[in-house]
There are 2 protein chains.
Amino acid sequence: MGPVAQTTARRANREAILGVDPGSLTTGWGLVELEGNQLRHIANGIIAASAALGQADRLHQIHCGIENVIKQYRPGAVSLEKVFFSHNAQSALKLGQARGMAMLAAAQNQIAVSEYSATEIKVAVVGYGHASKEQIQKMVSALLGLRGALRADAADALAAAICHVHRRAYQARIAVSRAVKANWRDYPKIVLKR
Amino acid sequence: MGPVAQTTARRANREAILGVDPGSLTTGWGLVELEGNQLRHIANGIIAASAALGQADRLHQIHCGIENVIKQYRPGAVSLEKVFFSHNAQSALKLGQARGMAMLAAAQNQIAVSEYSATEIKVAVVGYGHASKEQIQKMVSALLGLRGALRADAADALAAAICHVHRRAYQARIAVSRAVKANWRDYPKIVLKR
């Protein structure tokens, strides 16, 4: 497993979200949580597979790396970027193999996996669906108050995690607003029933 | 794990080769060994992932299925078909995810993975690089003396295993022939040194 770039002390009773950006050589990972309305950074890093090894052993390294992160931080959900396009079948196949390691490690630990399109992630982080890699890197650092360099792979992983936090918070607000409306509609009936 | 279609009693001191034909829903597997010059069938079957489950849980089922086969038969090598082309990025990605499960299970059990192109496998089994699926199915059944229906996924897995056995036997013969030639070249020197 690669070095952990930055770790922030974590409080209890918060659900950490693990974002993963899989790759056959470098897999980025990052954990965030929501504290009130505030996003908090927990940790991020990369898993660097040895280029000298064969594909199967590299996948084993990636799986072990993600397993270690899950065991250490016990995330409540795993978030991944959906993949629609690829340069060619070979790169899609290799990406799939690495991606499978993240999905397997999540399933083995009974953690639900959510997938978001690149556009959804960019909108959640930068507010703009065509944001560049550099814009995502800068915005992730700014949102999480990170100082110092942030690896692009780790930034992409944190961005996927942030997207999941936003989506969940949005769905929670929708559920509350629906519940409020439902109560308001029920009110006259309750009155009439008296 | 899916049902084991056919199992043949196995003798000691032989190295079983596990062929795997991964798929996001159905993964075929088959084990063969070489007894003298004779190919022997050990077992074959399929791992059927539940279509009702999410991708991550299906991958978990595939990984568990391959793990079970490895634990039960302790193969000495794993053989897979190389993938060069795909209909689209999505299918290559899903195939990669399933394929990663076979590679990971092999690496976790310190078993080397060999990959062969579809043409190499067809030539090894049918003697013809453009053989059809049905020809492979029939030829695998004939080579291994199997009676009854053989699933296409299991046949493809057995074909990959047979290709590895052939390749290994061929390499062993080359090594012997090289050793013989080397001795023959050394002979005059030995004579002159007396």
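Just so you know, all these numbers are worked out from the coordinates, no wet-lab data involved. Keep in mind that this is a model prediction, so the values were computed, not measured. Cβ placement follows ideal geometry from the backbone for every residue including glycine, while neighbour counts extend to all protein chains displayed.
Before rounding to the nearest 500, sum -39500 (n - 2.57) across all DSSP H runs of length at least 4 in the protein assembly as shown and divide by the residue total; then give [θ] at 222 nm in deg cm²/dmol.
On the way: 10 runs with 202 residues, N = 388.
Calculated from helices alone, the mean residue ellipticity at 222 nm is -18000 deg cm²/dmol.
For region B:85-186, the set of trypsin sites (Lys or Arg not before Pro) satisfying both a DSSP loop assignment and a count of at most 13 other C-beta atoms within 10 Å is given as B:147.
Loop sites here are chymotrypsin sites (Phe, Trp or Tyr not before Pro) outside DSSP states H, G, I, E and B with no more than 15 other Cβ atoms within 10 Å. The longest part of chain A free of them is A:1-83. Which percent of the Cα-Cα distances in chain A go past 22 Å? The calculated P(r) of chain A puts 49 percent of pairs beyond 22 Å.
DSSP beta bridges fully contained in region B:4-193 are about 65 percent antiparallel. May I ask for the percentage of alpha-carbon pairs in the protein assembly as shown that lie more than 27 Å from each other? Of all Cα-Cα pairs in the protein assembly as shown, 57 percent lie more than 27 Å apart. Pairs from the table (A:94/B:138; A:71/A:122; A:133/B:82; B:94/B:133) lying more than 26 angstrom apart at Cα are A:94/B:138; A:71/A:122; A:133/B:82.
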